[in-house]
Amino acid sequence: MVEQLLINNDDYYVPDANQLVTEDDTPVDNFASAKQQRLLVSSLYSSLQQTFLAEANVGIYYTDLQPPIVPDVFLSLDVQVPENWCEKQNRCYMVWRFGKPPEVVLEIVSNKEGDELGKKLQIYEHMRASYYIVYDPNQQLGEKVLHVYELRGRRYFESQETWLEQVGLGVTLWEGEFESRHDTWLRWCYQDGTVLSTGDERASQAEQRASQSEQRASQAEQRAQILAERLRAMGIDPDTI
């Protein structure tokens with residue numbers, strides 16, 4: 001249990017950030033989970049144009065007199081990290097400071113100890129995160145690889161839809177390479193199923209487009225040269241046409 005002091009902030013009380021544990025530097029992730037988290041977070045920052053905050057392994061304080069919960073990944077729309085993020089009250093996600101919980105919280109199952117479908121589900125439901133996603137790549141919790149819960153009223157209901165209407169994004173399983181590792185990955189996607197690109201993918205796509213443009217220009221030049229030679233063979237000067 002985290003001890004907190006309350007400070008008066010004009011018309012209401014908020015927990016004193018100086019009494020909160022904002023980070024404990026405890027390493028808990030494995031290679032696969034850490035890489036998956038980077039993919040989910042980095043593709044958002046590479047692709048989305050709106051204001052948002054997305055992070056991995058950052059604590060969320062959601063209520064008074066309770067320790068924070070630390071989702072593997074969260075996404076909160078229309079908020080951003082304060083300019084001075086070194087100040088104690090700005091180091092983690094405090095719901096009362098940002099004015100809202102994240103829209104999406106996501107847990108990646110590594111073993112059966114996390115209780116993702118039990119206690120954590122109840123906490124995120126109480127927090128009122130719009131969507132709770134449980135990704136179980138090794139099927140530790142059962143046959144389903146992906147669980148998507150949507151908040152309806154005060155309760156979570158498991159949905160068969162992977163399109164998150166309230167955030168304008170979906171999630172999908174995608175097979176391919178990320179950071180030199182070919183595997184099946186959980187990725188954000190648009191409604192047509194197109195995945196959000198990472199920075200490296202966007203750079204690669206730009207290089208491919210540039211290469212294709214060069215090839216088209218080279219082919220056009222070759223066709224022009226062939227046409228000019230044919231005209232000269234017919235006694236026509238192409239430069240005078």
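The values are calculated or read from the model by the stated rules, or taken from the named source; none is laboratory data. Predicted model only: the values in this text are computed from it and were never measured. Ideal geometry is used to build each Cβ from the backbone, glycine not excepted, and the neighbour counts take in all protein chains shown.
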- [ ] Could you tell me which numbered condition W163 fails, if it satisfies all but one of (1) at pLDDT 85 or above; (2) on the phi > 0 side of the Ramachandran plot?
- [x] (2)
Open item on the list: Yes or no: the stretch 171-183 includes at least one residue that is of a type in the set (G, A, S), at pLDDT 95 or above and closer than 27 Å to Q49 by Cα.
Closed with: yes
Task: Lone qualifier among A34, A56 - being in contact with an Asp or Glu (Cβ under 8 Å, 6 or more places away or on another chain) and in the same structural domain as N138 (by TED's automatic domain parsing) - done: A56
Open item on the list: Quick check on R223: is it assigned by TED's automatic domain parsing to the domain that holds S33 and either more than 21 Å from L48 (Cα to Cα) or surrounded by 10 or more Cβ atoms within 10 Å (Cβ to Cβ) (or both)?
Closed with: no
Task: Failed item in (1) surrounded by fewer than 15 Cβ atoms within 10 Å (Cβ to Cβ); (2) touching a residue at least 12 places away in the same chain (Cβ under 8 Å), with C86 passing the rest - done: (2)
Open item on the list: Suppose we keep only residues that are closer than 16 Å to P71 by Cα and of a type in the set (A, V, I, L, M) within the stretch 109-145. Which one would you say is surrounded by the most Cβ atoms within 10 Å (Cβ to Cβ)?
Closed with: A129
